[in-house]
Amino acid sequence: MDLKKSIQEMQEILKSLKVLDSKADHIVLLSNSYTNDALHFFEKGNKFDALEAYAIGWAYIDTLLHLKMVEVKDLQIFTVEKR
């Protein structure tokens with residue numbers, strides 16, 4: 001796994017993500033914050049915290065996808081199947 005590439009990919013996903021339920025707005029904001037923190041930790045050389053923050057941000061979006069509260073253009077990195 002190329003962690004920096006994964007973090008950057010997640011940042012791009014978050015930019016184009018479509019919120020289907022306004023209840024998801026705060027969770028998307030949290031995911032964005034964790035993803036940005038992941039890049040910060042990575043750039044500081046703290047790969048353990050970077051991976052942890054990335055995983056939390058990813059999990060929030062994966063959960064929202066399962067709940068059908070958001071849509072993303074590419075599901076490849078998530079655990080949901082194409083609808």
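The values are calculated or read from the model by the stated rules, or taken from the named source; none is laboratory data. Computed from a prediction, not measured in an experiment: that's the story for all the values here. All Cβ positions, glycine included, derive from the backbone under ideal geometry; neighbour counts span all protein chains shown.
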Practice task
Kindly check whether there is at least one residue in region 25-36 that is surrounded by fewer than 17 Cβ atoms within 10 Å (Cβ to Cβ) and within 15 Å of SER6 (Cβ to Cβ).
Solution key: yes
Practice task
Name the single residue, out of those in region 64-79 being of a type outside the set (Asp, Glu) and within 21 Å of LEU3 (Cβ to Cβ), that is surrounded by the fewest Cβ atoms within 10 Å (Cβ to Cβ).
Solution key: GLN76
Handout entry: Filter pass, ASP49 being at pLDDT 95 or above, part of a helix (DSSP H, G or I) and surrounded by fewer than 17 Cβ atoms within 10 Å (Cβ to Cβ)
Key = yes
Problem - Residue under evaluation VAL19, criteria (1) closer than 18 Å to PHE78 by Cβ; (2) free of Cβ contacts under 8 Å to residues at least 60 places away in the same chain; (3) in contact with a Phe, Trp or Tyr (Cβ under 9 Å, 6 or more places away or on another chain), criterion not met - result: (3)
Exercise for the section: Please enumerate the residues belonging to region 8-20 that are under 13 Å from TYR60 (Cβ atoms) and either in a helix (DSSP H, G or I) or polar (S, T, N, Q) (or both). Expected result: MET10, ILE13, LEU14
Practice task
Kindly check whether there is at least one residue in region 21-44 that is out of contact with any helix residue (DSSP H, G or I) (no Cβ under 9 Å at 6 or more places or on another chain) and not in a helix (DSSP H, G or I).
Solution key: no
Exercise for the section: Go through region 1-16 residue by residue and tally those that are more than 9 Å from the chain's Cα centre (by Cα) and either touching a residue at least 60 places away in the same chain (Cβ under 8 Å) or over 18 Å from LYS73 (Cα atoms) (or both). Expected result: 5
Problem - Neighbours by Cβ (under 6 Å, 6+ apart or cross-chain): first from region 26-44, within 16 Å of THR63 (Cα to Cα); second of a type in the set (Val, Ile, Thr) and surrounded by fewer than 20 Cβ atoms within 10 Å (Cβ to Cβ) - result: TYR34/ILE56
